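Here's the structure, in structure tokens; my notes come after.
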Amino acid sequence: MTAIVRIISAFICVFLALKAEARAQNAEEYVSLYKAGSYAKALEVIQKKLDAFYLTRVDDKRIPTGFITEREPTKEIDLTMIFRMRKAESFFIEDNPDVSMLHWYAGRCLFQQSNYLHSLNHYVQCLRFKHLVPKQDDVIFYEMALIYKKLNHVNGYLSALQEASSLNPDNYAYSHELGTFLYTSPHKKLAIHHLERYANGSDAPIPPSIYLMIGNLYEDIGRYLETEKYYLKYLEAKPDDGHIHFALGHTAFVHTGNLALAQRSLDRALELLPESETFRRSKALEYKADMALKNLEFEQAVRFYTATIDYQSRVKTEIEAKQKEIAALNGSIRTLKSRLLQEENFDAYQEYETLLDHRGRKEAELRAIQNEYNKLNAGRIRWNIAYALERLERYTDAIPYYREAIAFDYQANEARKKIINLELKIKRGY
């Protein structure tokens, strides 16, 4: 009995091998043409084979009505019955590797010819004639994702790419592509999932930008300890990036309370950031001053806050310069408009429109600078300087800063009370 089983098994193996060899020979011509870049010729061969195959598939085809020579005139068509007896064809038709491969290569050829919609149709037909094989058929879905990307079909691209990733989770390049694409989307957590899979699973060297992206995403969803972790990983590879040292210092000081890390990061940011980075340098000094004030280091707090005011003055000067530019433009626009109301002049009208556009850009720049200036907390900083000087018993020096806090409308009533009390202390001498 065992010998018979062995003979049958051997026969089946030989039969399958011969069938696979015949299939390979059958596919050899169009595959060779495709690999040689002869996409039109390969497609011609494929189409002939597909036509020959579908000629044999008559079950789902209808006889042309012209062939019907006679029908019973008294017999009515029952549309309800026809609807009830209909048969919905499922997506999967049969496991036919030859037909599946023909459709696959037809899709590939059409993709190379930039015929994306017809290409996609063949990829879909390819899937209808095969059972999906993990770690093998992911390439089909990945190629479909590329077609959807060419068609600017975002949902199709993501669905196909996710299917490729699920079929072959060991291919971390899929997660890299998914995470990078999702980085700017609302799907922050899904982007983190894929980027972390890539960063933690891939054997290839991980670009430092991946750690930065993950850190930014964690910051977006308020997971600040994770943000710190990935910023630190990024800075291991890019230690001279002053902007990220500042971002790390900001996160550590404002969100996690890791003051030691904040101090180190802000010091490094101030070493690396150029003087033109007014906003970041000012905020770094402000955070350092806040930490000094919390630690009752009043002299240091005054020094850092005062340095911050220097940067604020630069921004204020920039705001004033922009305002002067806009005022000059307004004057030119009014003059030109007066001319246009008196005479029709096409060249003058073009100049008028150009000036309007230029003014719009300048006004947008001014709003951006003013927004930055508001974030520099000018009133609060002057109040804190006054408070630190008061604690140092430098009452005469403190009073002007309380007055400036009033000018910025920061705790104005409390500042007035402070000024009165300090003036009384100065007068009494204690």
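The values are calculated or read from the model by the stated rules, or taken from the named source; none is laboratory data. Computed from a predicted model, the values in this text were never measured in an experiment. So basically every Cβ, Gly included, is an ideal-geometry build from the backbone, and we count neighbours across all protein chains shown.
Scanning the range 187-203 for residues that are free of Cβ contacts under 8 Å to residues at least 24 places away in the same chain and hydrophobic (A, V, I, L, M, F, W, C) turns up Leu190, Leu195, Ala199. The set of residues from the range 299-348 being farther than 26 Å from Phe279 by Cβ, surrounded by 13 or more Cβ atoms within 10 Å (Cβ to Cβ) and either touching a residue at least 40 places away in the same chain (Cβ under 8 Å) or of a type outside the set (D, E, K, R) (or both) comprises Ser332, Ile333, Leu336, Leu340, Asn345, Ala348.
Results for (1) among the charged types (D, E, K, R); (2) more than 23 Å from Glu297 (Cβ to Cβ); (3) in a helix (DSSP H, G or I); (4) within 39 Å of the chain's Cα centre (by Cα), shown as yes or no for each residue.
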| residue | (1), (2), (3), (4) |
| --- | --- |
| Leu329 | no, yes, yes, yes |
| Ile333 | no, yes, yes, no |
| Leu356 | no, yes, yes, yes |
| Arg361 | yes, yes, yes, yes |
| Leu366 | no, yes, yes, yes |
| Ala386 | no, no, yes, no |
| Leu389 | no, no, yes, no |
| Ala398 | no, no, yes, no |
| Glu404 | yes, no, yes, no |
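Where residues in the range 129-176 are assigned to a loop (DSSP other than H, G, I, E, B) and among the acidic types (Asp, Glu), which of them is surrounded by the fewest Cβ atoms within 10 Å (Cβ to Cβ)? Quick ask: steps written out before the conclusion?
Of all residues in the range 129-176, those assigned to a loop (DSSP other than H, G, I, E, B) come to 129-137, 151-153, 168-171.
When the remaining residues are screened for being among the acidic types (Asp, Glu), the result is 137, 170.
Working: Asp137: 20, Asp170: 11.
Looking at the filtered set, the residue picked out is Asp170.
Restricting attention to the range 257-277, does a residue exist that is among the polar types (S, T, N, Q) and modelled with pLDDT under 95? There is at least one residue in the range 257-277 that is among the polar types (S, T, N, Q) and modelled with pLDDT under 95. Is one or more of the residues making up the range 301-309 assigned to a helix (DSSP H, G or I), over 30 Å from Ala247 (Cβ atoms) and not polar (S, T, N, Q)? No, the range 301-309 contains no residue that is assigned to a helix (DSSP H, G or I), over 30 Å from Ala247 (Cβ atoms) and not polar (S, T, N, Q).
Quick one: which helices (runs of 4 or more DSSP H) sit completely within the range 181-257 and have at least 2 residues that are surrounded by fewer than 18 Cβ atoms within 10 Å (Cβ to Cβ)?
Details: elements: 188-201, 208-220, 224-237, 242-251.
Once the helices (runs of 4 or more DSSP H) in the range 181-257 are filtered for at least 2 residues that are surrounded by fewer than 18 Cβ atoms within 10 Å (Cβ to Cβ), what remains is 188-201, 208-220, 224-237.
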